[in-house]
């Protein structure tokens, strides 16, 4: 438990707080990238999304773009200290994330080559 009121715990701008944010975000990006690689390489999509995804390879590319954008956000938001570079880097990461989401949506809407059992 981090309590800053009584002086216990890391300071708000310290490197420890950045690690507490960076490590889970990078792990999430790795899981997202692994799911995207499975969709691109094998056409496999998580069972929760199988019903909605019509083009699994395109959906997987969207996931890979999103994972890249999340890592980009971590690097420019938490590691880079120059304010101007940080602002442009996180803005660019946000645009890349939106592009990834658009590709994922197109993967859900485009194509109709899925069989009834969810295997392409």
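Quick rundown of the values:
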| item | result |
| --- | --- |
| Sole residue being modelled with pLDDT under 90, surrounded by fewer than 19 Cβ atoms within 10 Å (Cβ to Cβ) and touching a helix residue (DSSP H, G or I) at 6+ places or on another chain (Cβ under 6 Å), chosen from 10, 83 | 10 |
| Among the residues listed as 73, 63, the single one being at pLDDT 95 or above and assigned to a helix (DSSP H, G or I) | 63 |
| Hey, residue 108 touching a residue at least 40 places away in the same chain (Cβ under 8 Å) and within 10 Å of the chain's Cα centre (by Cα) or not | no |
| Options 21, 30, 25: the member that is part of a helix (DSSP H, G or I) and modelled with pLDDT of 95 or more | 30 |
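The values are calculated or read from the model by the stated rules, or taken from the named source; none is laboratory data. In this text the structure is predicted, and so the values were computed from the model without any measurement. Don't worry about glycine lacking a Cβ; one is built from the backbone with ideal geometry, like all the others, and counts go over all protein chains shown.
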